[in-house]
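One structure is given here, and the rest of the page talks about it.
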Number of protein chains: 2
Amino acid sequence: MSTKGVVSYSAAPNPAALLQKERENPSVDPVKMNYFLEGSKERSELIRSIVQQMERDPVLATNASYYHMTKDQERELTALKIGRLASYVETDNLDDFQRRLSIIGLFDPQVGTRLGINLGLFLSCIRGNGTAEQLQYWAFHKETVYIKGIYGCFGMTEMAHGSNVMGLETTATFDKENDEFIINTPHIGATKWWIGGAAHSSTHCTVYARLIVDGEDYGVKTFVVPLRDADHNLMPGVTVGDIGPKMGRDGIDNGWIQFSDVRIPRFFMLQKFCKVSRDGDVTLPPLEQLAYSALLGGRVMMVLDSYRMSARFVTVALRYAVGRRQFKPSDGSEESLETQLIDYPLHQRRLLPYLAQSYVISAAALKLETTIENTLNDLDAAVETDDLDGIMKSIDDMKSLFIDSSSLKATCTWLTAELIDQCRQTCGGHGYSSYSGFGKAYNDWVVQCTWEGDNTVLCISIGKPLVKHVMAVINDGKVVKGSSSFLTDVKDYLNDKPVITSVSDLSDLRKVLRAIEVLLMRLCYQASTVVKVNKGNFDYVGGEMLVIGKLKAHHYMLKEFIERVESIEDKSLVPHLLNLGRLYGASHVLDKFSGDFLAYSVLTTNVVSEMSGYFIPDMCKAIRPHCIMLSDSFQQSDMLINSSIGNYDGNIYENYFNTVKTNNPPSNMKAPYSAKFEALLNRASKEIRDRGEKSEEAAEILSK
Amino acid sequence: MSTKGVVSYSAAPNPAALLQKERENPSVDPVKMNYFLEGSKERSELIRSIVQQMERDPVLATNASYYHMTKDQERELTALKIGRLASYVETDNLDDFQRRLSIIGLFDPQVGTRLGINLGLFLSCIRGNGTAEQLQYWAFHKETVYIKGIYGCFGMTEMAHGSNVMGLETTATFDKENDEFIINTPHIGATKWWIGGAAHSSTHCTVYARLIVDGEDYGVKTFVVPLRDADHNLMPGVTVGDIGPKMGRDGIDNGWIQFSDVRIPRFFMLQKFCKVSRDGDVTLPPLEQLAYSALLGGRVMMVLDSYRMSARFVTVALRYAVGRRQFKPSDGSEESLETQLIDYPLHQRRLLPYLAQSYVISAAALKLETTIENTLNDLDAAVETDDLDGIMKSIDDMKSLFIDSSSLKATCTWLTAELIDQCRQTCGGHGYSSYSGFGKAYNDWVVQCTWEGDNTVLCISIGKPLVKHVMAVINDGKVVKGSSSFLTDVKDYLNDKPVITSVSDLSDLRKVLRAIEVLLMRLCYQASTVVKVNKGNFDYVGGEMLVIGKLKAHHYMLKEFIERVESIEDKSLVPHLLNLGRLYGASHVLDKFSGDFLAYSVLTTNVVSEMSGYFIPDMCKAIRPHCIMLSDSFQQSDMLINSSIGNYDGNIYENYFNTVKTNNPPSNMKAPYSAKFEALLNRASKEIRDRGEKSEEAAEILSK
């Protein structure tokens, strides 16, 4: 046997050269593409400036040592970083600081969250439920927005109640005599649980508790409750504990809180919508849902996070796939080098849909961000001027925003979890090293699928109004508004006529969109018939609702993506973007849900076979030559990505090896416990250690 | 608004009572069911005895503190546990110790692996590649099997080569003059990487290196190379380092090794198949594949691990689903309590297929275990007696075993990763607590999808022979043997006739099996036509091969499950088992691959719709009343499960809260870094900290 047919071992691999080659004669300008991804030149440049500041910051910047920290070290460093950010919050304008937090959420999510609970959830709750004066007082007068004086946490979930907010059991009983509320935890199940920042940082908490006045239960309202005084000592009646280690984000001091008849002044109740007068008269809000807007902002942020995190890890996996060679061509060619991973059609199919995903999510995130901003401003203006029509319109907008943000939050966070996991797997063993970044990122990420609305519960809860829309269209000729307006045509599509009958239609993204719409109509109609049979109980269509919830998000994303591409100024980017959109639609939607598209006759079996056999591979092939430039377009620096196999220079092996040696010096030749282990291997024989008691000699004596 | 319609908050939740209720009047005897799951009464009882020993062992037993350990603590404790196991290995018989390791792999996988590398991979490599005398010497004479004297590691993968073993670049050059081999690492890419036990524990390594004699490269062979002397000091020329933190299993000291012209005697080469004489004459093995049997045992073990780990976490999720209530019925009933999670049809659909999965994998694992034992024994006997016919038959058996073990390893480890992840999500926020066990288990688990044969590469590599079988059947009328024998009928099924046309057929597991077989035939045929067009290059059918690889495993599992159920003595278990098999087939196979089953016309669209709409929900409903008994049947004790929300008593909230308080005493009211954080909140105003330099007063002076 000769060396022919096996790998040459004379030359070391040179992955950096392979990566650089991808950047020669580019047809994509990554700077311009980044304007598209971030929404504008201005914002792209703002982000670059913010990144540079943080990259050079001695406290905020991360590197490989980040993957060595224990829980206690993470807790302390996270607090330290918040202190460092406090100096930025005093000078940034609000919008810039929001960007800064969003970027931090990418490379050190626990800092983003631990601070976001205070500046986001705590203040959002006050903004959403308190009067303008209350917001002014707690946020500005007390300097909370500057991370000063007060540090807030968000006391919604309890040990036995998460998703069912209406069922929370902490009580706030009005004590008319003293003009106070008495906050109480009636039993273990009502212990406030998972409260980020409660264990060690927070001074105040916005507590969700049942308002009880004169023995009557008015449902769950919100109250500001001080937990610690200015010396950071716990208030009387407040018991707080650390809930301990988590799957990820150990830098956040999640805690539990029990209130034992803790008294707060009446004016600590947040009373934009619901008021209790001095005499105990209760004014209730026009619509209960208005009180839950606190979570909306977070959901929108999570869609943006999904874009950035997806971009980060598909970049790592693509750089690795270009630099890594594996197996020689199986077609018997004389090629002496092994094939680059990225040149395997299957590898392209595994990775490139995730590249497309990052692009498509970005478009949805940008749109959602402007929508929430406008909707909340309109609502605030209407409430302030007592404009009832305005309030009603805002309620409609809020409902639509609730559907869109919920379905997108669920679908995008799931897609991103899947992306991190799958991208890790494409990096083989090296993906399992902490230094590649996947492990910690996954652990930190997946809680996004659960918190602030469990994804499954969210999908179901948005499926319900869609099914009801369809029922109303059929029964009452309702005209549906907002992002679900396509449901108005439902009657025309309740047949088994396929929407896409030729694979060539898949290039037309509007047709793909139509296919999703028609499947949604048919699914909603099918679900409505089952609900009818079950007398209005939706529990039997949970499976359908889950699919409806996901497809609704894909529809929104693809639609926004198409519209952004159509309105783009730099037309040179369009062909690339269209291919990404096509790959996304075909792989992430039509192929993934092919069973449904076929079962509801939206696609033909021919289309599904040819899509999988030709269309998707062809799209991958078209994107392949540009994949590095398309991921360079995310403009994520090495510090942000923090992956020793995913650096910009592509020098995978040297970078990785240097990281390993720097952080684990090989001069430490023995483990601290080596003596014990040596003693184990060099121990005496079992007979000696048994003191010879089982020997034949002993047997003879002991048997006599 | 009154309390009507909301949750009563007077009484604390009582999940323990709910769980106990499930165990009243059981129709499943969990002890007898365990005999089925473990294969026999004897084995079931053996395992119970082993578990009891370890549960009471002060070093081996785990509890919640396990979730608090840092990497360094895990490293040390893992070594300590290996020392403790050394006393068992001296007295257990081989089979019992194998069981013990398998159980350890469930509740402390890093111990199982760190020891398994020595007793499993290192010795398997010697068994597979060395002569009987070499095995006798290294394993027994040097006492390695007793964890004494020698501690081995397995030096296969390199930094730039994992899956492509034939392409490894470490060299073993024969030095005729000195009758030695010179082991060398030619460049960074050939650095041995990921070698478990190398960093701190191992004294010896079975090194995979290219045999070079007289300038000729004979491909990759195996050599025993000492790394450390009896004082545990590194040998000259051997450089070893720690590769640092990983996504999971930090208790294993994975390392990297570089050899700089390290000399070993010629007789350290493992020479069952390949020999180098004193004069440098090389004898090559009859079949190269025979040399790679070292990984087979591990793959088989991983299927068994998949069963146990699946059982562990579906048990946790089911107990939680029974004890947890969430939302009141939406049908307007007067029920005052919230609904138990398990009573939602969607929740059943999310969990019960995983219960079924655990049962089905168990059957496959048992079968595979006996097959490998017989095959390796037959091979050893044939080699020892120079029985050429026997060797050729063994080679056939090995090929079949390779296909079965590879497809099962890939599919079962993926299914288990998915199960842990999905079960965690069904436990909501509490699933994210380390104390629930999901996080660490997932992190420890997922490497199983990558190591000892990357799952995707394995699926592809077994798809290839199946496609070739189909080509040979069609072209040459070949008769296929072994577990793929159904492919022999391929010609009769190359049409678009559906196999299952009525949803009632789904109850007949033999028909489900036939459906899988027909889809496999059609997929293989379709792939073969594409390969033909591409001149034998399989790269273009990677996607199809992946599906083929997965379906082959499902076929094997379901077939073994059916056969075990048919041969069961206690017929009272059969109805339950059949329902589990039906749910598994419908949900994990037909529904999950419905796009393929429809595109290849194996199922009709009606069947797919009705399966999803009725059949799967009905199966779930049938299994629901027995789900706790069916998971109690795994007989996993609280120590094994180590989840504070998954204990046998079902007292979720009390157990969880006690765990939290014990491990994080609330009397520690302040964090160690609290003073810094207090100083941050109580800092002086920005103006003061800016020394007044930006004041109007300063402006006036400085502007003059």
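The values are calculated or read from the model by the stated rules, or taken from the named source; none is laboratory data. Just so it is clear, the model here is predicted, and its values are computed rather than measured. All Cβ positions, even for glycine, are placed from backbone atoms using ideal geometry, and neighbour counts span all protein chains on display. Remember, those area values only see protein heavy atoms, side chains included, never the ligands or the DNA or RNA. Shrake-Rupley method; radii C 1.70, N 1.55, O 1.52, S 1.80 Å.
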Kindly state which helices (runs of 4 or more DSSP H) lie completely within region A:573-649 and contain at least 3 residues that are open to solvent by 20 Å² or more (accessible area, probe 1.4 Å) and of a type outside the set (Asp, Glu).
A:574-583, A:605-610, A:616-623
All but one of (1) assigned to a loop (DSSP other than H, G, I, E, B); (2) open to solvent by 20 Å² or more (accessible area, probe 1.4 Å) hold for B:Arg263; which doesn't?
(1)
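Filter region B:127-154 for residues that are away from chain A (no Cβ under 14 Å) and either basic (Lys, Arg) or not in a helix (DSSP H, G or I) (or both); which is farthest from B:Asn254 (Cα to Cα)?
Filtering region B:127-154 for residues away from chain A (no Cβ under 14 Å) gives B:127-139.
If we keep only those that are either basic (Lys, Arg) or not in a helix (DSSP H, G or I) (or both) as well, we get B:127, B:130-131.
Values: B:Arg127: 23, B:Gly130: 25, B:Thr131: 28 Å.
Per the stated criteria, the residue is B:Thr131.
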Conditions (1) within 18 Å of A:Ser407 (Cα to Cα); (2) charged (D, E, K, R); (3) over 22 Å from the mean Cα position of the chain (by Cα); number of the one not met by A:Lys559:
(3)
If a residue has to be farther than 30 Å from A:Ala311 by Cβ and open to solvent by 10 Å² or more (accessible area, probe 1.4 Å) to count, how many in region A:347-394 make the cut?
14
Tell me, yes or no, whether region B:410-431 has at least one residue that is more than 30 Å from A:Gly248 (Cα to Cα) and either among the hydrophobic types (A, V, I, L, M, F, W, C) or surrounded by 21 or more Cβ atoms within 10 Å (Cβ to Cβ) (or both).
no
Residues being of a type in the set (Phe, Trp, Tyr) and either without any contact (Cβ under 8 Å) to a residue 24 or more places away in the chain or loosely packed, with under 13 Cβ neighbours inside 10 Å (or both) - total across region B:650-704
3
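Would you check which residues across region A:340-376 are among the polar types (S, T, N, Q) and within 25 Å of the chain's Cα centre (by Cα) and list them? Can you show your working first?
Taking region A:340-376 first, the residues among the polar types (S, T, N, Q) are A:340, A:348, A:357-358, A:362, A:370-371, A:374-375.
A:Gln348, A:Gln357, A:Ser358, A:Ser362, A:Thr370, A:Thr371, A:Asn374, A:Thr375, listed by residue number.
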Determine the pairs where a residue that is without any contact (Cβ under 8 Å) to a residue 24 or more places away in the chain, located within region A:310-326, has a partner that is among the charged types (D, E, K, R) with Cβ atoms under 8 Å apart, the partner being 6 or more residues away or on another chain.
A:Gln326/A:Glu338
Checking B:Ser436 against (1) open to solvent by less than 10 Å² (accessible area, probe 1.4 Å); (2) within 14 Å of the chain's Cα centre (by Cα), the condition it does not meet:
(2)
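Let me confirm something: among A:Leu60, A:Leu94, A:Leu85, A:Leu101, which residue is on the phi < 0 side of the Ramachandran plot and touching a residue at least 60 places away in the same chain (Cβ under 8 Å)? Working first, answer last.
Numbers: A:Leu60 fails: touching a residue at least 60 places away in the same chain (Cβ under 8 Å); A:Leu94 fails: touching a residue at least 60 places away in the same chain (Cβ under 8 Å); A:Leu101 fails: touching a residue at least 60 places away in the same chain (Cβ under 8 Å).
Residue meeting the stated conditions: A:Leu85.
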Given B:Phe181, B:Phe122, which one is closer than 20 Å to B:Gly453 by Cβ and either open to solvent by 20 Å² or more (accessible area, probe 1.4 Å) or more than 10 Å from chain A (Cβ to nearest Cβ) (or both)?
B:Phe122
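How many residues does region B:533-553 contain that are open to solvent by 10 Å² or more (accessible area, probe 1.4 Å), in a helix (DSSP H, G or I) and either within 11 Å of chain A (Cβ to nearest Cβ) or at pLDDT 95 or above (or both)?
As a first pass, look at region B:533-553 and keep what is open to solvent by 10 Å² or more (accessible area, probe 1.4 Å): B:533-540, B:543-544, B:546-547, B:550.
Checking the rest, the ones that are also in a helix (DSSP H, G or I) come to B:533, B:538-540, B:543-544, B:546-547, B:550.
Next cut, either within 11 Å of chain A (Cβ to nearest Cβ) or at pLDDT 95 or above (or both) only: B:538-540, B:543-544, B:546-547, B:550.
Selection size over region B:533-553: 8.
Restricting the search to region A:192-212, which residues are of a type in the set (A, V, I, L, M, F, W, C) and outside any strand (DSSP E or B)?
Taking region A:192-212 as the starting set, the residues that turn out to be of a type in the set (A, V, I, L, M, F, W, C) are A:193-195, A:198-199, A:205, A:207, A:209, A:211-212.
Of everything in region A:192-212, those that are of a type in the set (A, V, I, L, M, F, W, C) and outside any strand (DSSP E or B) turn out to be A:Ala198, A:Ala199.
Conditions (1) open to solvent by less than 20 Å² (accessible area, probe 1.4 Å); (2) away from chain A (no Cβ under 12 Å); (3) on the phi > 0 side of the Ramachandran plot, marked per residue:
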| site | (1), (2), (3) |
| --- | --- |
| B:Ala11 | no, no, no |
| B:Lys21 | no, yes, no |
| B:Pro26 | no, yes, no |
| B:Gln52 | no, yes, no |
| B:Met69 | no, no, no |
| B:Glu90 | no, no, no |
| B:Gly105 | yes, yes, no |
| B:Gln110 | yes, yes, no |
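Condition check ((1) surrounded by fewer than 19 Cβ atoms within 10 Å (Cβ to Cβ); (2) away from chain B (no Cβ under 14 Å)) across all residues:
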{"site": "A:Thr450", "(1), (2)": "no, no"}
{"site": "A:Asn455", "(1), (2)": "no, no"}
{"site": "A:Cys459", "(1), (2)": "no, no"}
{"site": "A:Val467", "(1), (2)": "no, no"}
{"site": "A:Asn475", "(1), (2)": "yes, yes"}
{"site": "A:Lys481", "(1), (2)": "yes, yes"}
{"site": "A:Ser485", "(1), (2)": "yes, yes"}
{"site": "A:Val490", "(1), (2)": "no, yes"}
{"site": "A:Ser502", "(1), (2)": "yes, yes"}
Given (1) assigned to a loop (DSSP other than H, G, I, E, B); (2) over 30 Å from A:Ala321 (Cβ atoms), B:Pro186 misses just (2)
Matching option when the condition is more than 29 Å from the chain's Cα centre (by Cα) and surrounded by fewer than 23 Cβ atoms within 10 Å (Cβ to Cβ), among B:Arg522, B:Arg510, B:Arg514:
B:Arg522
Which residue pairs have Cβ atoms under 6 Å apart, sit 6 or more places apart or on different chains, and have a first residue in region B:221-238 that is in contact (Cβ under 8 Å) with a residue 40 or more places away in the chain and a second that is among the aromatic types (Phe, Trp, Tyr) and open to solvent by less than 10 Å² (accessible area, probe 1.4 Å)?
B:Thr222/B:Tyr208
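Given the residues B:Gly431, B:Gly437, which is the only one that is within 14 Å of chain A (Cβ to nearest Cβ), at positive phi and modelled with pLDDT of 95 or more? Quick ask: steps written out before the conclusion?
Values: B:Gly431 fails: at positive phi.
Only one candidate passes the filter, namely B:Gly437.
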Filter result (crowded, with 24+ Cβ neighbours inside 10 Å and at the interface with chain B (Cβ under 7 Å from one of its Cβ atoms)) within region A:155-166:
A:Met159, A:Ala160
Hey, can you tell me all the residues within region A:268-303 that are modelled with pLDDT of 95 or more and assigned by TED's automatic domain parsing to the domain that holds A:Thr413?
A:Met302, A:Val303
Filter region B:185-199 down to residues that are aliphatic (A, V, I, L, M) and out of contact with any Gly (no Cβ under 8 Å at 6 or more places or on another chain) and give me whichever is farthest from A:Asn658 (Cα to Cα).
B:Ala190
Can we say A:Phe122 is closer than 18 Å to A:Leu270 by Cβ, part of a strand (DSSP E or B) and modelled with pLDDT of 95 or more?
no
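Kindly provide the set of residues from region B:496-532 that are part of a loop (DSSP other than H, G, I, E, B) and touching a residue at least 40 places away in the same chain (Cβ under 8 Å), ordered by number. Walk me through it before giving the result.
Initial filter on region B:496-532 (part of a loop (DSSP other than H, G, I, E, B)): B:496-499, B:501-502, B:508.
Matches in region B:496-532: B:Asp496, B:Lys497, B:Pro498, B:Val499, B:Thr501, B:Ser502.
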Reported set for region B:169-217 where residues are small (Gly, Ala, Ser) and in contact (Cβ under 8 Å) with a residue 40 or more places away in the chain is B:Ala172, B:Gly196, B:Gly197, B:Ala198, B:Ala199, B:Ser201, B:Ser202, B:Ala209
Could you list all residues from region A:199-250 that are more than 11 Å from chain B (Cβ to nearest Cβ), open to solvent by less than 10 Å² (accessible area, probe 1.4 Å), closer than 26 Å to A:Gly112 by Cβ and touching a helix residue (DSSP H, G or I) at 6+ places or on another chain (Cβ under 9 Å)?
A:Cys205, A:Thr206, A:Tyr208, A:Thr222, A:Val224, A:Val225
